[in-house]
Amino acid sequence: MATAASPSQSMNGRSSGSSTKLQIGGVEVIMPVKPYPSQVSMMSTVIRALNSKENALVESPTGSGKSLALLCSALGWQRCIAAQMRKQYEEALDRAARDI
């Protein structure tokens, strides 16, 4: 599910200096470090909520990486939606050009 490139260890034991890409709910999420399992779960919750246009209540202890997980999942979802919209726009332009 996740791929990482030549990680180095930071002071807290988590890899740094490379990114980890995950596919969560059809969305590519890029994390600057290898995520904790709780972060993957949190990102899945965020992406499900965004896809269904609903709110999500996320609770996790201090220092568990909530901010990073929330930001990375929201930005990944935004990139995914932008790519889908771009594709739909290009297809509409192609259809319109054929109709001329």
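Worth pointing out:
- Enumeration of residues in the stretch 49-100 that are at positive phi and either part of a helix (DSSP H, G or I) or open to solvent by 80 Å² or more (accessible area, probe 1.4 Å) (or both): K53
- Selection from the stretch 35-45 of residues that are surrounded by fewer than 17 Cβ atoms within 10 Å (Cβ to Cβ) and part of a loop (DSSP other than H, G, I, E, B): Y36
The values are calculated or read from the model by the stated rules, or taken from the named source; none is laboratory data. What you see is a predicted model; the values in this text were computed from it and never measured. Please note: Cβ atoms are built from the backbone with ideal geometry, for glycine as well, and neighbour counts cover all protein chains shown. Note: areas computed on protein heavy atoms with side chains; ligands, DNA, RNA excluded. Shrake-Rupley method; radii C 1.70, N 1.55, O 1.52, S 1.80 Å.
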